[in-house]
Every structure is written in structure tokens, then in C-alpha cells.
Amino acid sequence: MSEAEAPARRKPGRAPMPETARRHLLCEAATEVFMRDGYAAASMDDVARAAGMSKRTLYQFFPSKAALFEATVAAALAPLHVASELETEPDLRRALCGMLEAAAGHLLAPLQTGIFRLVIAEVKRSPEIAQATHRVLFNRGAGSLQRRIAAEMARGAIRLPDAEMAAQLLFGMTLGKTHMMILLGLRDAPDAEEVAALARAAVDVFLHGARRGEAD
């Protein structure tokens, strides 16, 4: 987006924009700037200009570039933590497959892939972005997949020591190799059919080893 286009984000004479809307607009502008310039070269001035706001307003919401980056990552990855109706799906296999497919569709999208590539490219110069990404991914509480596994553990249907570990194993089996190859530019994102096949294979392995049988 050119500088000439940036002021169009804010129309003069309108009522003040709600704080949530301004925060969203700033994160949206920051994403554009980070993806275009990289983290180290991006400036708070550029973000404020892209959002059509003052730098003072930007700093009222985000006291540092690291805080702004963490907020943009959180916004991009937020759906991974949102509750899903699949948490109450009676068929466990269908529920787990559906959650993994939804997560894959989001995680492997161009924006999210670009963010992970940015972190990998700049982490040595700016280690704070790795810490921010880790906080977003692992310190925001359980996602739908982990909550469903924990519920199955609580009712005795699955025997595992830790729901978080189990969710990470399932993600890894489903997306680990594919995600790495995409980040390295060795392949394109899989289509829905391939993702579904990967999810089914991972869930079948997981349940075969974890589901309590009649003989137990």
C-alpha cells in the first residue's frame, strides 16, 4: 500500500474510532509493514503512517515494536485457540480430524507462513520475535484439540499422561514435515484432500495406541 493510500483508512469528520477497531487497524498495518520490510527494518513511523494514525496513538496501544509484533502474531494465529463445535462432537475420530484440518488450513495459509518465515529469517538479529511467537503459540492456554483430548482423558476413554503433549504429538504427526517443507520453499501448501488424508492417518495412529480397549 502506498503512502498516498494510507490516509484513506481514516475518514475526516467521522466519529472517533473505537479502541478495538484502532487496535485491529494498527495490527493490520503492522502486518503489511513487517511482511514488506522485515522486522529489523520496519519502523513504528511506517506502521503509524500505513494505519493513517499518529505515532503517539500507536505507542498508546503498543509500547514497543516487539509488543506490536507479538500482537500481530496473536491476531494472525488467534483462530488456533478459538473454541470449536467439534469439542462436543460425539464421534472422537471425526472431532480430532476436523480440528486438525481446520488448524492446518489456517496455519499453512500464506500470511501465517510468511510470519513464520520472517521469524526464522530474523531471529538471530532480533531474538525477541522468537520469544513473542513462542508466547503466542504456547502460553495462551489450551486450544480446541487439547481441550477435547483432556475431556476424553477425564472420562477415561484415553490413557495419556498429558493432554498438551498429546495435542502437540497430533499436530506434529499431521503437519510437522509438510509445514517444514513449506517454510523451506520445497513445496506448496497441500489442498484440502491431502490435509484430510494426513489428519486421518495421524488420528488413526494416535487412537490405536491411546484408546482404551475392552480388554484393558
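The values are calculated or read from the model by the stated rules, or taken from the named source; none is laboratory data. If you're wondering where the values come from, they're calculated on a predicted model, not measured in any experiment. Quick reminder, even Gly has a Cβ in these numbers, built from the backbone with ideal geometry, and neighbours come from all protein chains shown.
Can you find a residue that is more than 21 Å from residue 77 (Cβ to Cβ) and more than 15 Å from the chain's Cα centre (by Cα) anywhere in the stretch 162-174? Yes: one or more hits.
Residue count for the stretch 31-88, restricted to those that are aromatic (Phe, Trp, Tyr) and in a loop (DSSP other than H, G, I, E, B): 2. Within the stretch 70-98, the set of residues being of a type in the set (S, T, N, Q) and buried (at least 19 other Cβ atoms within 10 Å of the Cβ) comprises just one member, 72. Among residues of the stretch 126-156 being charged (D, E, K, R) and assigned to a helix (DSSP H, G or I), the one that is surrounded by the fewest Cβ atoms within 10 Å (Cβ to Cβ) is 135. Taking the conditions (1) surrounded by 12 or more Cβ atoms within 10 Å (Cβ to Cβ); (2) at pLDDT 95 or above in turn, residue 159 satisfies each one other than (2).
One line per residue, one yes/no per condition, for (1) modelled with pLDDT of 95 or more; (2) under 19 Å from residue 196 (Cα atoms); (3) among the small types (Gly, Ala, Ser):
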{"position": "27", "(1), (2), (3)": "yes, no, no"}
{"position": "30", "(1), (2), (3)": "yes, no, yes"}
{"position": "52", "(1), (2), (3)": "yes, no, yes"}
{"position": "55", "(1), (2), (3)": "yes, no, no"}
{"position": "75", "(1), (2), (3)": "no, no, yes"}
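Among the conditions (1) modelled with pLDDT of 95 or more; (2) part of a loop (DSSP other than H, G, I, E, B); (3) more than 30 Å from residue 28 (Cβ to Cβ), the only one that residue 187 does not satisfy is (3).
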